[in-house]
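Notes follow the structure.
The values are calculated or read from the model by the stated rules, or taken from the named source; none is laboratory data. The structure displayed is predicted, hence computed values, not measured ones. Neighbour counts run over all protein chains shown; Cβ positions are idealised from the backbone, glycine included.
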Amino acid sequence: MKSVNVAQIAHELKLTQAGVRKKISMGELPILQAGRAFISTQTGIDYYKFANEHKITLNSLKRQAKTLSFVNHKGGCSKTTTAYTIAALLHSFGNKVLLADLDPQGNSTQSVLDPLVNAEGIIIPFVKTIKDLLLYRKENGSVGVNRIKEVVQTSKFGFDAIPCDLSLNSIMQDLESSSFKEVILKELLNEISAEYDYIILDTPPTLGFSVISALTASDYVCIVSLAEAFSILGVEQTVNLISSVKTQNSVLANPKAMKILGTVISKAEMNTNISKHFVNELQKFTSERDITLFFDDIIPKTTKIPETQATGELITDVDPKGEAALSYFNIAMLMDMEVKKDRIKEKLS
Ligand SMILES: Nc1ncnc2c1ncn2[C@@H]1O[C@H](COP(=O)(O)OP(=O)(O)OP(=O)(O)O)[C@@H](O)[C@H]1O
Ligand SMILES: [Mg+2]
């Protein structure tokens, strides 16, 4: 229902259908592919107009990664699903993207990287993970781009990823005892920021050291919530945590850092009164604090998402015309436009 086809895009942009196809092939018009057909949305058309209007300035920007973390200390509210789906979409828009998994559960690692299998067919752990990079940085200072690249893997969706597993837990105490501990991750990511447009951080369901490190390293934050009481409490606590990290690290962190790009509502069942009620609560909470709520792009609860995780696919590939895919598609473009608007402002200031 929110999708538009090539004929509709052509009509809106006053182009021929062949002209639209050409723009798609040149990567200027974001699309989802439904079989042999291309589909987009009104946000996709707005994205094209924005990118076209600022083409010269955007092309003149130096590659300088913006770090975006996905947070909510409430477990199971779709942080991981949202983080890697947005990473894949940002990559499909032509950005160079790195996803760093900071959750010892390793769910985004398992979602985007094919497992390593030995000769006997047994799954073996990644030789090096984010843990090794953090430890190295703590012990030796600069890690160096080449050593970081040894840990970076190419995901099956095209973007890069730094894996994580349970071993991250084992060094947490070690890291927590070091001075300037919160900036170790930020400094590590700074070493490779010239290689990427976006560094996406998937965080664990805690308010602990990993999340504080992720926030400290973040230019932008996306809060992910379910339309239910505990998850909304998690949104509130996350907003408070961001304020406290900003205050405590004011000397270290850029004052413009940790900008909340928006709140994504996931697994909503908008035909139920309970979901409607909590979406309303979230609307009140976010509008009082001037936080964007992706209200027009709520991710519905759908069995297709767990199914894609079982098959190792993306919802945008499996069900591109479905509401979940179109909502993620729109959210990724809205985020990308917001970040690029900030970059244009930075450049012009
Ligand atoms: N829109 C959706 N509809 C139905 N199920 C979903 C949807 N999004 C995610 N899920 C399922 O919900 C579960 C939790 O999702 P996910 O792992 O992304 O959450 P999380 O916030 O990262 O969890 P954790 O706090 O454990 O890291 C997964 O089984 C996933 O398949
Ligand atoms: Mg997760």
(request) Output the number of the condition that SER92 fails; it satisfies all remaining conditions of (1) of a type in the set (S, T, N, Q); (2) touching a strand residue (DSSP E or B) at 6+ places or on another chain (Cβ under 6 Å); (3) more than 16 Å from ligand 2 (Cβ to nearest atom). (result) (2)
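Given the residues LEU113, LEU99, which is the only one that is at pLDDT 95 or above, in contact with a Pro (Cβ under 9 Å, 6 or more places away or on another chain) and among the hydrophobic types (A, V, I, L, M, F, W, C)? First the steps, then the outcome.
Numbers: LEU99 fails: in contact with a Pro (Cβ under 9 Å, 6 or more places away or on another chain).
Checking each option against the conditions leaves just LEU113.
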(message) Based on this model, can you work out whether GLY44 counts as of a type outside the set (D, E, K, R) and touching an Asp or Glu at 6+ places or on another chain (Cβ under 6 Å)?
(response) no
(message) Of everything in region 196-214, what is away from ligand 1 (no atom under 13 Å from the Cβ), at pLDDT 90 or above and either in a loop (DSSP other than H, G, I, E, B) or under 13 Å from LEU134 (Cβ atoms) (or both)? Give them in sequence order.
(response) TYR196, ASP197, SER213
(message) Report every pair of residues separated by at least 6 positions or lying on different chains whose Cβ atoms are under 9 Å apart, first residue within region 285-309 and in contact (Cβ under 8 Å) with a residue 12 or more places away in the chain, second within 16 Å of ligand 2 (Cβ to nearest atom) and among the basic types (Lys, Arg).
(response) ILE299/LYS267; PRO300/LYS267; LYS301/LYS267; THR302/LYS267; ILE305/LYS267
(request) For region 152-174, name all the residues that are hydrophobic (A, V, I, L, M, F, W, C) and farther than 20 Å from VAL127 by Cα. (result) PHE157
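Just to verify a result, which residue in region 185-226, among those that are among the β-branched types (Val, Ile, Thr) and surrounded by fewer than 23 Cβ atoms within 10 Å (Cβ to Cβ), is nearest to ALA65 (Cα to Cα)?
Per the stated criteria, the residue is ILE192.
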(request) With the condition kept exactly as written, say whether any residue in region 35-43 is within 16 Å of ligand 2 (Cβ to nearest atom), among the aliphatic types (A, V, I, L, M) and either touching a residue at least 24 places away in the same chain (Cβ under 8 Å) or within 30 Å of PRO205 (Cβ to Cβ) (or both). (result) no
(message) From the list ALA87, ALA51, exactly one residue is more than 18 Å from LYS341 (Cα to Cα), part of a helix (DSSP H, G or I) and either at pLDDT below 95 or more than 9 Å from ligand 1 (Cβ to nearest atom) (or both). Which is it?
(response) ALA87
